[in-house]
Amino acid sequence: MEFPLIAPRPPRLSEQMEGLKRIEASGQFSNNGPEVRALEAEMVARLFDGRGAALAVGNATLGLMIAIRQAAGLHPRPGTLAMMPAMTFAATAQAAIWAGLTPLIVDIDPQDWTADAAEEERMLAQHGGRIGVVVPYATFGTVIDLDRYAWLARRYEVGVVIDAAASLGTLDEAGRGFGTGAPFALVYSMHATKTFSVGEGGLVYSGDADRIDQLRDGEFRFRERAQRDPAGHQCQDARDTGPDGTEQAGRTR
Ligand SMILES: Cc1ncc(COP(=O)(O)O)c(C=O)c1O
C-alpha cells in the first residue's frame with residue numbers, strides 16, 4: 001500500500017539574492033516594506049481568489065496572538081476563555097495566554113481529530129459569555145466546516161479564529177484556498193515544517209479586509225503603537241519572508 005507524503009520544500013535562500021538586494025536597495029527592512037506587502041497581495045490573489053486581505057507576521061504563534069486578542073474584543077476581561085481542541089499545538093494555548101485569555105480545552109472527535117461539535121456547543125452553553133473566542137484547529141490541513149463556525153459566532157456572540165497552521169495550500173470542496181471569504185481570521189504557518197514553508201513566517205487572512213486593516217493598524221504602525229504587543233513581542237514579518245514567500249506562492253496552482 002502506498003501512502004502519499006507531502007514533504008516541505010522551502011525555497012533555497014541562495015536563490016533569493018535578487019529579492020534581498022531589492023530590500024537592501026529600498027532601505028526598508030521591516031514594517032510594511034514593499035516586499036512583504038507584495039507577498040501579501042500575491043497570496044490573496046493566488047490562494048484566496050483575490051478576496052479579502054492578508055497580513056504577514058513573524059510566525060503563526062504571533063498571528064494567533066493578535067487575531068485572538070482582536071476576536072476577543074482587544075481588551076478581554078481577566079478570566080475570559082479561549083476554547084480550543086485538545087488536539088492542537090502548545091503554541092496556540094500560549095498565544096491565547098499572551099493575548100490575556102485562559103485556554104479552555106474541548107475534546108476532539110476521534111474520527112477526524114478535529115474539535116467535537118457537540119462538545120463545543122455544550123461548553124458554549126455551559127460557560128456562556130465567559131468564552132471570548134473559539135479557536136478550532138484545521139487538523140493537519142483538514143478542511144473543517146467554516147460555515148458552522150460563522151453560525152456559532154452569531155448564535156453565541158463569540159469571536160472565532162481558525163488555527164490553520166498546516167492549511168496554506170489546502171483547497172476547500174469548491175477548489176478554493178481553504179478559508180477564502182471567511183468572515184473571521186484564519187492563521188497559517190509558513191514554518192519550515194509546513195508544506196508551504198519559508199523557514200519561518202505566518203499569515204493572517206480574512207475575507208473581511210477591514211479586520212486585517214484593523215490588525216495592521218493596531219499592531220504594525222510605528223506612529224500609533226510602539227509595534228509591540230503587551231507581552232513585548234515583535235510581530236512584524238521577518239524581512240526575508242517576502243522573497244521566500246513570493247517564490248513559494250509562485251509554486252502554487
Ligand atoms: C497547530 C499549530 N498551531 C500553531 C503553530 C505555530 O506555528 P509557528 O511555528 O509558525 O508559530 C503550529 C506549528 O507547528 C501548529 O502546528
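The values are calculated or read from the model by the stated rules, or taken from the named source; none is laboratory data. Being a predicted model, the structure only gives us computed values, none of them experimental. No Cβ is skipped: glycine too gets one built from the backbone with ideal geometry, and neighbour counts run over all protein chains shown.
Quick notes
Results for (1) polar (S, T, N, Q); (2) closer than 24 Å to Asn59 by Cβ; (3) surrounded by fewer than 21 Cβ atoms within 10 Å (Cβ to Cβ), shown as yes or no for each residue.
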| position | (1), (2), (3) |
| --- | --- |
| Asp116 | no, no, yes |
| Ala125 | no, no, yes |
| Arg130 | no, no, yes |
| Leu152 | no, no, yes |
| Arg155 | no, no, yes |
| Ser167 | yes, yes, no |
| Met190 | no, yes, no |
| Phe196 | no, yes, no |
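- Checking each residue in the stretch 68-116 for being touching a Ser or Thr at 6+ places or on another chain (Cβ under 8 Å) and of a type in the set (A, V, I, L, M) picks out Ala72, Leu81, Ala82, Met84, Met87, Ala91, Ala95, Ala96, Leu101, Ile108.
- Restricting the search to strands (runs of 3 or more DSSP E) fully inside the stretch 101-215 and requiring at least 2 residues that are under 18 Å from Glu40 (Cα atoms) and modelled with pLDDT of 95 or more gives 185-189, 202-206.
- Selection of the stretch 154-177 for residues being among the small types (Gly, Ala, Ser) and within 17 Å of Pro85 (Cβ to Cβ) yields Gly159, Ala164, Ala165, Ala166, Ser167.
- Checklist (1) modelled with pLDDT under 95; (2) out of contact with any Lys or Arg (no Cβ under 8 Å at 6 or more places or on another chain); (3) buried (at least 24 other Cβ atoms within 10 Å of the Cβ) applied to Glu219, failing item: (2)
- Take the conditions (1) modelled with pLDDT under 95; (2) out of contact with any helix residue (DSSP H, G or I) (no Cβ under 8 Å at 6 or more places or on another chain); Ile97 misses just one of them, which is (1).
- Checklist (1) part of a helix (DSSP H, G or I); (2) within 16 Å of the ligand (Cβ to nearest atom) applied to Glu42, failing item: (2)
- Tally, over the stretch 46-99, of residues that are within 15 Å of Val160 (Cβ to Cβ), outside any helix (DSSP H, G or I) and either hydrophobic (A, V, I, L, M, F, W, C) or within 16 Å of the ligand (Cβ to nearest atom) (or both): 8
Rundown of residues vs (1) closer than 14 Å to Val187 by Cβ; (2) in contact with a Gly (Cβ under 8 Å, 6 or more places away or on another chain), yes/no style:
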{"site": "Phe29", "(1), (2)": "no, no"}
{"site": "Gly33", "(1), (2)": "no, yes"}
{"site": "Val44", "(1), (2)": "no, yes"}
{"site": "Gly58", "(1), (2)": "yes, yes"}
{"site": "Leu62", "(1), (2)": "yes, yes"}
{"site": "Ile66", "(1), (2)": "yes, yes"}
{"site": "Met84", "(1), (2)": "yes, no"}
